[in-house]
Amino acid sequence: MEKIKSDQKKVLKEILGERWKSFPQMNEYERERFGVKIKDSDIIGLGLLAIQLTTIPESIGKLKSLELLDLSHNELTTLPESISKLESLQELILRNNQFSTFPESIGNLTSLQKLDLKYNRNYLTTLPESVGNLTSLQTLQLGDNQLTTLPESVGNLTSLQTLQLGDNQLTTLPESIGNLKSLELLDLSHNELMTLPESFWNLKSLKQLSLDDNQLTTLPESIGNLISQPNIAPSTIFEE
């Protein structure tokens, strides 16, 4: 393994215990990236997949150069407040855990471009209002959870291009969703939606929309402006 700065090595030891000695360097060509990625003695990528983690220490906030953090397939229920100190973080992958809440400080990750919270099936019911501060976010994956509502602040995510909300318990959407002018893919399939907000007509960049398996009995008249767009496929279901 390449040389790592001593304070960052201590963080690895705290998370991994004796396992850190055999922890591999990250193979960026693998779909699920496991290991550590180092540049100029700084840790810039950390993949801690499927190692039965139940907590992450506050010391993770010392990894100031971290750009990718993948904690998928563990048993985590929350994140430390110090996560807010990872100001260089661009990708945060948290799928297949047991998250029920997140610290408001997650909103300080203003460099974040991708947030993946899929498959926290029976646990995740709400998101903090501070998620609206993640204004660099381009991809937000929230499928296969128990979300019943979205915070109004989601409308602040004006750089968002992909929003996956399939397989939740959503009954309504905030009117602010119409502010997502860059949105190209929106998956709302397998929810409990009974109606859509009038602001839907503002989603003029939308190319793919899934509304399958909801409780929709009426649609806003403005939906016609979307369906008439040449690139849109209203019945498409998105999988990843």
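Here, each number is a calculation from the coordinates, and none is a lab measurement. Computed from a prediction, not measured in an experiment: that's the story for all the values here. With ideal geometry, Cβ positions are generated from the backbone for all residues, glycine too; neighbour counts draw on all protein chains shown.
Classify segment 47-87 as rounded, prolate or oblate from the Cα gyration tensor: take a ≥ b ≥ c as the square roots of its eigenvalues, call it rounded if a/c is under 1.5, otherwise prolate when a/b beats b/c and oblate if not. It would help to have the intermediate numbers written out before the result.
On the way: a/c = 2.50, a/b = 1.50, b/c = 1.67.
Because a/c hits 1.5 or more and a/b fails to exceed b/c, segment 47-87 counts as oblate.
Obtain the nm distance between the two label points defined at residue 51 and residue 218 by a simple spin-label model: each point lies 7 Å from its Cα along the Cα-to-C-beta direction.
Between residue 51 and residue 218, the simple spin-label model gives 5.5 nm.
Given axes a ≥ b ≥ c from the Cα gyration tensor, I'd like to know whether segment 104-228 is rounded (a/c under 1.5), prolate (a/b larger than b/c) or oblate.
Note, shape of segment 104-228 comes out oblate.
Have a look at 200, 113, 174 and report the one farthest towards the positive end of the charge dipole of the chain, computed about the Cα centre with Cβ charges (Lys/Arg +1, Asp/Glu -1).
After comparing all options, I get 113.
Is it possible to state the helix-based mean residue ellipticity at 222 nm for the chain, with each DSSP H run of 4+ residues giving -39500 (n - 2.57), the sum divided by total residues, to the nearest 500 deg cm²/dmol? What is it?
Values: 2 runs with 16 residues, N = 240.
The per-residue figure over the chain is -2000 deg cm²/dmol.
Can you give me the distance in nm between label points at residue 136 and residue 87, each placed 7 Å from the Cα along the Cα-to-Cβ direction?
Reported label-point gap for residue 136 and residue 87 is 1.1 nm.
Cα atoms only, segment 6-102: Rg and Dmax in Å?
Radius of gyration, then largest Cα-Cα span, for segment 6-102: 12.3, 36 Å.
Report, by chain and number, residues whose modeled amide H sits under 5 Å from the one on residue 44, excluding near sequence neighbours (fewer than 5 apart, same chain).
Sorted by chain and number, the residues that satisfy this are 37, 38, 39.
How far is helix 6-16 tilted off the main Cα axis of the chain, in degrees rounded to 10, range 0 to 90?
That helix lies at roughly 70 degrees to the long axis.
So which lysines pass the test for residue 37, namely a Cα distance under 30 Å, with those fewer than 8 places away in the same chain ruled out?
List returned: 3, 5, 9, 10, 13, 21, 62, 64, 85, 114, 118.
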